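No lab work stands behind these numbers, since they all come straight from the coordinates. As the structure is a computational prediction, the values presented were derived from the model and not from experiment. Backbone-built Cβ (ideal geometry, glycine too); neighbour counts: all protein chains shown.
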Amino acid sequence: MDTLAQLLQLLVLLLPLPLHLMALLGCWQPLCKNYFPYLMAVLSAKSNRKMESKKRALFGQIEGLMGDSRMAALLDLGCGTGATFQFYPPACRSTCLDPNPHFETFLTKSVAENRHLQRFVVAPGEDMKQLAGGSMDVVVGTLVLCSVQSARRVLQEVQRVLRPGGVFFFWEHVAEPRGSWAFLWQQVLEPTWKHIGDGCCLTRETWKDLENAQFSELQMERQPPTFKWLPTGPHIMGKAVK
């Protein structure tokens, strides 16, 4: 099946050849950084409508972590357009972090609708030196670990910025089962998809990174693909306690 995947991958690479040439010449990435927020704005809105009850159940747990002060310092990791703001308790003091500065326009709209944001930090999840250790009660990551350079390093940073007992809530798409036809197509499409999706990888087994991150507690459940017409595969959702 690996040989078949390589042959199909070559065919798929030939079809969008201009895109790959632009990426090789360094012309594609700046364009992608500009258009990707618009693509995510559309997909995030559709995803929220389809998965609203699941997301409200997951992120509704944040309110239980707020204590007597009824406040919580929250880091939205890879915040994108701010699509998850609507699921946070009103008293959250949110810091948003994303390596793509072009999301700020969309964040302004999300902030106007949900008054959570305190500041927007442009930085990769692997290096959050602008944030003090133990400064966050909650970290939220939705569809983030698929596109980072190192999920292991991001999870190390998540643990650093969380206070003891703090919680990391996650919602990620992951690889299909190895050996399946769905996984084969993820392998075939991944090189092209990474360009379209600003570095998004289709075949990451992110649950393994979470299991190896040595959180004190990990709760995780698997969900079917949100959109069957996309190759992003099934999702995992849950929480990890520092």
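What to note about this one:
- Calculated log₁₀ intensity ratio I(q)/I(0) where the Debye formula runs over C-alpha points of segment 44-84, q = 0.16 Å⁻¹: -0.51
- Overall shape of segment 72-197 was characterised from the C-alpha gyration tensor. The equivalent ellipsoid obtained from it has semi-axes of 27, 17, 14 Å, in decreasing order.
- Computed from the alpha carbon positions, the gyration tensor of segment 158-242 leads to an equivalent ellipsoid with semi-axes of 27, 13, 11 Å, biggest first.
- Calculation over all alpha carbon pairs of segment 112-153 in 5 angstrom steps from 0 returns a P(r) of 5, 15, 25, 29, 18, 7, 2 percent.
- Nitroxide proxy distance, nm - points 7 Å out along Cα→Cβ at residue 39 and residue 130: 2.4 nm
- Under the Debye formula (equal points on every Cα, no solvent term), log10 I(q)/I(0) of segment 179-219 at q = 0.23, 0.31 Å⁻¹: -0.77, -0.97
- Each part gets one Cα centre, and for segment 78-94 versus segment 167-208 those centres are 25 Å apart.
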